[in-house]
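J.: Right, I'll just put the structure down here and ask away after.
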């Protein structure tokens, strides 16, 4: 039994945004009481959270994971440790796996974050075995980082997954409009002689799938949008944005900087501002978009370098700084909880005590995760 | 050490002759017939060049930014002999040299570049170089290969009408049209291109009768240039090739031999 005392507790859905004491019993939130109130009966291990921010445990809505544990890529254990250090308590892990047994094996792993596997949506132009994958523990289906090019297959996917009550997650990009592109299309890509991915390649894909959802139903989520033009086209779908798209623009690519070669690409200041406004309004969820590459895939010609960056350790600190606590909690906890039907992501009494504690930033210091609880247990990062 | 990761006749021979004229030894490494074809990275190839005793690398590479990537290793001086669709600096220098010789100066020059600007490293480098000397540069070509962003990026005027773009030009550069652009859906047929964007004697006579004619080569006679144009006195295409050797000698001398000399 744990008590987090004197922290600033923020969970806007519960109307919480004040200093209070949080009590955890049997792995669940048991009570939130005004500061200094007498503790409920029982033996409490108390943590002094004075000056700290206490929030429902953040859930990452997009990170690449390496289910085959290829030794030259980031292992699942390393991913989970980095995520926990960054303040996450749960991950939607994009496995790309269409194998129910492999998915079930992931769930048996002892990790410092909860793992919610996202299974493959299609295999070789057909639907994956979505029902068997759901039985094995998939919380959603996605072909990320590949887009779903075929509209007919996308329709089937939405309809079939709806029957299972699970969402379909897509990376919105028209594959032909985006073909061969390595950065945002505009004056900068022209000047650098790099092939661009126009903003409209994303917007037309968002429009297509939002219309398919309106016509045929189903639950739809767009993983990591990057263009202002996509926002008004989302329809009934949910969508996420990465922390780095809230912070950076295509200017980061200057000098053929492969660290800024991302999918979707960093875009303009207008795009960044529109994404930030939508994330503050609760229209967009947050994603780390974590997708690391071995150095030999990044330290090379820009055209040939891999897409993606190692962001899971920094995404929450960045988001907390640019969004502020209430919007941060909506984008990282209550929003993902609702979009993916997860039990955690709230501090309502009786819900799983997945909690994250942050030191807020100050001028000259970034916010920083201090520790996390999963089901009321303090997470060990030594494993 | 000349590292050529894509086929090039004129630039490679031009650098080789420039080295020879300066008394330097040059070794050409064509990517297709070397360790590169076996998957060696650019960084490792530059390391090998240094280990073999090279004093500098002249690099032609299909990826934009490759020369910068090689130079960032800080192992050897790198001379960019063309990187992707980004830049071809020695071509821009030889274009400046050719026009200055013909015209007697570059002040107030009006240059028009016609063709596939989007995929041309020559257009980018030359537009920037001429603009820096005070020239007024106009870019002209089909809208699919001349986006509005080109004007912003290069500080040039963008015009999609050939006659307007040519009017009053003192130098006109035509760019090579590549078959794969038609296959990629960006351009219609060669016949359509010739009719709308090809240069011929009548067009030049009507809009810019004394303009110096430039082309980075190799020329598709009968597509971007009418077959007889290269033989007219205003064609400077051969002069460009001649200037290429001298300009590359100057580049090698100033960048590599300047201090010792």
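J.: So what's the back-of-envelope 222 nm ellipticity for chain B, counting only DSSP H runs of four-plus at -39500 (n - 2.57) apiece and dividing by all residues, rounded to 500?
T.: Working: 11 runs with 102 residues, N = 261.
It lands at -11000 deg cm²/dmol.
J.: Something else now. Based on alpha-carbon centroids, what's the gap between the stretch A:197-211 and the stretch A:323-346 in Å, whole number please?
T.: Comparing the Cα centres of the stretch A:197-211 and the stretch A:323-346, I get a distance of 25 Å.
J.: For the ranges B:227-233, A:327-333, A:78-84, what's the packing order if you count other beta-carbon atoms within 10 Å of each residue, average per peptide, and put the highest first?
T.: A:327-333, A:78-84, B:227-233
J.: Within a 10 angstrom radius of each residue's Cβ in A:190-201, how many Cβ atoms of other chains show up on average? Whole number is fine.
T.: Details: counts 13, 9, 9, 15, 6, 5, 3, 0, 1, 0, 0, 0.
What the average comes to for A:190-201 is 5.
J.: Sticking with this one: Work out the mean other chain Cβ neighbour count within 10 Å for the residues of B:61-74 and drop it here as an integer.
T.: Details: counts 2, 3, 10, 10, 12, 6, 2, 5, 10, 1, 0, 3, 1, 0.
Average per residue, whole number: 5.
J.: Could you give the nm distance between label points at residue B:178 and residue B:254, where each point is 7 Å from its Cα heading toward the beta carbon?
T.: 2.9
J.: Cα axis of helix B:89-103 to longest principal axis of chain B: angle in degrees, 0 to 90, nearest 10?
T.: Result, in degrees: 50.
J.: Right, something else. Once fully extended, how much extra length lies between residue B:102 and residue B:136, figured as 0.36 nm per residue of separation less the alpha-carbon to alpha-carbon distance? Provide the component values of the computation, followed by the final result.
T.: Details: separation 34, 0.36 × 34 = 12.24 nm, distance 1.75 nm.
Extra length from residue B:102 to residue B:136 when fully extended: 10.5 nm.
J.: At a Förster distance of 41 Å, what's the computed FRET efficiency of residue B:160 paired with residue A:297, Cβ-Cβ distance as r, to 0.05?
T.: Numbers: r = 40 Å, r/R0 = 0.98.
The value I calculate is 0.55.
J.: Could you compute the FRET efficiency for residue A:68 and residue A:153, with r as their C-beta to C-beta distance and R0 at 25 Å, rounded to 0.05? Walk me through the intermediate numbers first.
T.: Details: r = 25 Å, r/R0 = 1.01.
The formula returns an efficiency of 0.50 here.
J.: Which of these, A:34, A:264, A:367, has the largest mean-square fluctuation under a Gaussian network model of chain A (Cα springs below 10 Å)?
T.: A:34
J.: So, one more: For the modelled label position 7 Å from the Cα of residue A:252 along Cα-to-Cβ, which residues of the stretch A:309-340 have backbone nitrogen atoms closer than 17 Å?
T.: Only A:309-323 fall inside the zone, counting backbone N under 17 Å.
J.: Further question on the same structure: Once you have the Cα-Cα distance between residue A:321 and residue A:123, take 0.36 nm times their residue separation minus that, and quote the gain in nm to one decimal.
T.: Computed gain between residue A:321 and residue A:123 is 67.3 nm.
J.: Just grab the label-to-label distance for residue A:368 and residue A:304, each label 7 Å out from Cα along the Cβ direction, in nm (one decimal).
T.: Taking the simple label geometry, residue A:368 and residue A:304 are separated by 4.0 nm.
J.: Okay, next question. Report the gain in length on full extension from residue B:241 to residue B:6: 0.36 nm times residue separation, minus Cα-Cα distance, nm rounded to one decimal.
T.: Numbers: separation 235, 0.36 × 235 = 84.60 nm, distance 1.93 nm.
82.7 nm is the gain from fully extending residue B:241 to residue B:6.
J.: Taking chain A as a Gaussian network, where each spring joins two C-alpha atoms under 10 Å apart, which residue of A:160, A:47, A:23 fluctuates the most?
T.: Of A:160, A:47, A:23, the most mobile in the Gaussian network model is A:47.
J.: Could I ask something else about it? Given the options B:124, B:47, B:12, which has the most mean-square fluctuation in a GNM of chain B, springs set between C-alpha atoms less than 10 angstrom apart?
T.: So, out of B:124, B:47, B:12, the one fluctuating most is B:47.
J.: Still on this model: Could you work out the mean count of beta carbons from other protein chains within 10 Å of each residue's beta carbon in A:293-304? Don't jump to the answer; show the numbers that get you there.
T.: Numbers: counts 0, 0, 0, 2, 0, 0, 5, 6, 16, 8, 9, 6.
The mean count of partner-chain Cβ atoms within 10 Å per residue comes to 4.
Here, each number is a calculation from the coordinates, and none is a lab measurement. Computed from a prediction, not measured in an experiment: that's the story for all the values here. All Cβ positions, even for glycine, are placed from backbone atoms using ideal geometry, and neighbour counts span all protein chains on display.
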